[in-house]
Structure formats: structure tokens, C-alpha cells
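Working notes, structure below.
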Amino acid sequence: MELSTQDSIGYVSGGGLEANLQVRLTVPVGEVQEGAFVVTDSQNWRFYCLVTDIQLQALDERYAGEVSGARFTPQLAALLDKATLFPTLAVMPVLMMEIGPDLNAPEYEAWRALNPEDSQPSTVKTLPEHHSKVRLAAAEDISKIFGAENGKEIFRIGKTREQGHPICLNLKNFVQRSAGIFRYTGSGKSFWHA
Amino acid sequence: MGSLCVVDGQANSKTYGLIANIQVLDDGLVHQLVSEGRLKAEQRADNRYNRNQPVELAVITLGFQAEGRFHHRLPGQVPLALQTLRLCGADEGFAFCSAGKFSYLRHILSQTEFPDQELIVAHINQLNNWQPAQRDPKTWYPQLMEILIRSLRSDYDRLTQLLDALSDLEQSWN
């Protein structure tokens with residue numbers, strides 16, 4: 001199944017600022033990989049997160065311990081598994097950005113008047129609500145954080161593993177502070193630097 | 001046991017229920033005949049077919065119909081005394097059960113007086129027998145099963161016993 005970045009892959013079911021967020025997956029576990037960038041909108045905030053772990057959970061360990069298809073009819077076994085076995089993601093919220101109310105909401109105009117400038121991502125200070133829908137990050141989400149390639153000072157240095165969205169580096173910002181390049185021998189550090 | 005039944009009330013209201021128990025009440029004459037020893041075949045037949053023996057039904061109320069709409073909650077009033085109880089037909093039974101999301105099942109699952117698993121199995125079997133060919137594919141069955149599994153999934157033993165019984169039932173349909 002090919003997932004669109006607009007499709008929800010699950011919803012927030014718990015977690016905290018110190019611990020990772022728990023996301024209950026609503027798509028097959030193979031659709032999401034560790035290291036994927038995911039996004040969730042909650043109230044007026046958009047949270048940019050990274051998948052750090054994938055876990056298989058069961059409502060009761062006995063449901064996971066017994067192969068239901070060997071005991072019940074295929075239809076009943078499928079319904080039972082769907083209701084009792086579920087994968088979850090451990091998701092680390094990294095950045096958040098104020099996005100305001102929905103564009104079509106009546107309160108959007110008032111909010112926009114108070115916030116005429118587009119806000120920028122900042123470190124996470126709060127959390128999304130329970131049951132906030134989580135989706136895979138789109139190219140626009142990635143470019144909002146890393147910048148969009150412009151052929152000048154912002155150039156592409158790689159891509160996300162899952163969806164191949166370009167990841168760019170803003171040279172102007174990069175040289176303003178000290179920076180280091182870390183990688184194992186033979187991986188191209190000197191070539192990249194040159 | 002497990003049949004859907006209905007009591008027609010006033011102002012076109014109806015109360016729906018499930019027969020949960022059928023009890024033949026104690027009959028002194030039967031005791032006498034049995035203690036007599038040898039029972040002739042004609043005596044046995046006479047008692048079976050010519051005498052009115054008191055039989056009592058226990059019915060779990062599942063919902064009601066008022067002003068043309070079905071409701072899967074308990075009615076505000078109980079049926080009046082001496083109102084007639086009749087068995088539901090296929091169309092009426094299907095109409096009641098499939099209105100909403102089978103939430104009437106909670107009335108069967110929450111009672112403790114009667115064997116809920118056997119009642120559920122008998123009820124599902126009746127729905128299956130009612131299903132006319134034009135209602136294929138059988139969409140009600142997975143919907144109903146989803147509700148049942150969600151309702152009982154926190155009780156592993158109870159749910160798996162019910163699914164064992166339903167697996168047997170499903171195989172008998174094929």
C-alpha cells in the first residue's frame with residue numbers, strides 16, 4: 001500500500017516530554033520505518049517528530065501468544081487480531097511551530113492579524129493532545145525545517161530515507177557557527193568538504 | 001431459546017426481546033405418573049399432546065420501536081399484563097437488529113442470569129437463517145462480530161470461549 005503524506009498513519013495515545021510519544025498505528029506495521037519523519041497537528045501547533053522505535057503490542061499477552069487462525073475460522077481470527085493486536089511507534093517530538101487555526105475557521109482572520117509573520121520551528125515546549133492524527137512528513141514539512149533548495153546558498157545535501165524528500169543546508173546559516181562533519185572512514189567527509 | 005420476539009404495545013409501540021429461557025413448571029400429575037412405575041405409551045402421548053402444561057418464558061428486553069424508529073435501549077414502560085408475545089419474522093427481526101450498531105447486544109452480555117454465550121450463538125444462528133439471498137453478501141456478520149469482540153476483548157477467557165462456539169456455528173453453515 002502506497003501511503004500519501006496526507007494519510008493518517010495513526011494517532012497519539014500517550015507519552016511525555018521526557019519520554020517519547022506513543023503513537024498507535026492504524027496502517028500495517030511495514031508501512032513505517034524507524035527514522036521516519038512524522039508530523040502531527042494539535043490545536044494551533046504543528047509538531048515535527050522522528051520515529052525512534054516500533055513495537056508490537058497486545059491487549060492481553062495471551063492474544064499474542066496464541067495463533068488465532070489455528071483456533072478460530074479465518075474471518076473470526078482476522079477480526080480478533082484486528083481488535084486485540086496492534087503496532088505502536090515511539091516518536092520523539094523534536095520541533096514545534098505555531099500554525100494557527102484552520103484556514104477556513106472563523107477565528108483564523110483574528111489570529112492572522114495578531115501573527116502577520118509566518119512563525120518558525122522552535123524546540124518542543126508542549127505536547128500534542130491525545131488522539132491527534134499523525135502523518136508522514138511531506139516535502140514541504142522537511143523544507144520548512146531545512147530550507148528549500150534555491151540554487152544559491154541553500155543546496156541539497158541528501159534525502160530522507162523513507163520518502164526521498166530533499167534535505168538542504170543553508171550555507172549562510174551553516175558558516176555562522178562552528179560545525180563538524182562526523183562519519184566513518186571512507187564515507188566521503190573530505191570529498192564533501194572540498 | 002435465543003429467538004427474537006416482540007410485544008405489540010399501545011400507539012404502535014413495540015417492545016423487542018430475546019427468549020433467554022424456557023421452563024416447564026412443576027406439574028404434580030407428572031410426578032404421580034412417574035412414580036406409578038410402568039407408563040403406557042397412550043398415557044405418555046395423552047400427557048404430551050392433550051394436557052395444557054404451564055410453560056414459562058424468560059425474555060431479555062433488547063429495545064423498542066416508537067413512532068416508526070427502532071431504539072436499542074430499554075423502553076420507558078414495561079408491557080402491560082396479558083399483552084401478547086409473538087415471534088419476530090425475518091424482515092421485522094432484521095430491521096430491528098440492523099438499526100444502529102447492534103448496541104442491543106449489551107443487554108445480553110450484561111445480564112448474569114442466563115448463559116449469554118449460548119444466547120448470542122443462538123441469536124446469530126437465527127439471523128443467519130433469516131438472511132434471504134438478496135441480502136448477500138453477508139455484511140451484518142462482520143459488523144456484529146466486531147461489536148462483540150470489542151465488548152469482550154478485555155475478558156480473554158469469555159471472548160475466546162464465545163469465538164470457539166461461533167467457529168463451530170460458522171462451520172455448520174457451510
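Annotations
- Failed item in (1) at pLDDT 95 or above; (2) part of a loop (DSSP other than H, G, I, E, B); (3) crowded, with 18+ Cβ neighbours inside 10 Å, with A:Leu80 passing the rest: (2)
- Residues of segment B:76-88 that are under 28 Å from B:Leu162 (Cα atoms) and either without any contact (Cβ under 8 Å) to a residue 24 or more places away in the chain or surrounded by 18 or more Cβ atoms within 10 Å (Cβ to Cβ) (or both): B:Cys88 alone.
- A:Gln33 vs. criteria in contact (Cβ under 8 Å) with a residue 40 or more places away in the chain and in a loop (DSSP other than H, G, I, E, B): yes
- Criterion applied to A:Asp102, A:Asp41, A:Asp118 was being assigned to a strand (DSSP E or B) and open to solvent by 50 Å² or more (accessible area, probe 1.4 Å), and the one residue passing it is A:Asp41.
- B:Ala99 in a loop (DSSP other than H, G, I, E, B), without any contact (Cβ under 8 Å) to a residue 40 or more places away in the chain and open to solvent by less than 50 Å² (accessible area, probe 1.4 Å): yes
- Some residue of segment A:41-60 being out of contact with any strand residue (DSSP E or B) (no Cβ under 7 Å at 6 or more places or on another chain) and within 14 Å of another protein chain (Cβ to nearest Cβ): yes
- Among the residues of segment A:40-70, those identified as among the small types (Gly, Ala, Ser) and touching a helix residue (DSSP H, G or I) at 6+ places or on another chain (Cβ under 9 Å) are A:Ala58, A:Ala64, A:Ser68, A:Gly69, A:Ala70.
- Residue list for segment B:140-156, restricted to those being open to solvent by less than 80 Å² (accessible area, probe 1.4 Å) and more than 7 Å from every other protein chain (Cβ to nearest Cβ): B:Trp140, B:Tyr141, B:Leu144, B:Ile147, B:Leu148, B:Ser151, B:Leu152, B:Asp155
- Within segment B:157-174, being more than 9 Å from chain A (Cβ to nearest Cβ) and under 21 Å from the mean Cα position of the chain (by Cα) holds for B:Arg158, B:Gln161, B:Leu162, B:Ala165, B:Asp168, B:Leu169, B:Ser172, B:Trp173.
- Among the criteria (1) under 30 Å from A:Gly164 (Cβ atoms); (2) of a type in the set (A, V, I, L, M); (3) open to solvent by 40 Å² or more (accessible area, probe 1.4 Å), the one A:Leu59 does not fulfil is (1).
- Test: residue in segment A:17-30 that is touching an Asp or Glu at 6+ places or on another chain (Cβ under 7 Å), polar (S, T, N, Q) and closer than 30 Å to B:Ser151 by Cα: no
- Between A:Thr5, A:Thr88, the distinction of being surrounded by 15 or more Cβ atoms within 10 Å (Cβ to Cβ), of a type in the set (Ser, Thr, Tyr) and at pLDDT 95 or above belongs to A:Thr88 only.
The values are calculated or read from the model by the stated rules, or taken from the named source; none is laboratory data. This one's a predicted model, so the numbers in the text were calculated from it and none came from an experiment. Please note: Cβ atoms are built from the backbone with ideal geometry, for glycine as well, and neighbour counts cover all protein chains shown. Please note that ligands, DNA and RNA were not included when accessible areas were found on the heavy atoms of the full protein model with its side chains. Shrake-Rupley method; radii C 1.70, N 1.55, O 1.52, S 1.80 Å.
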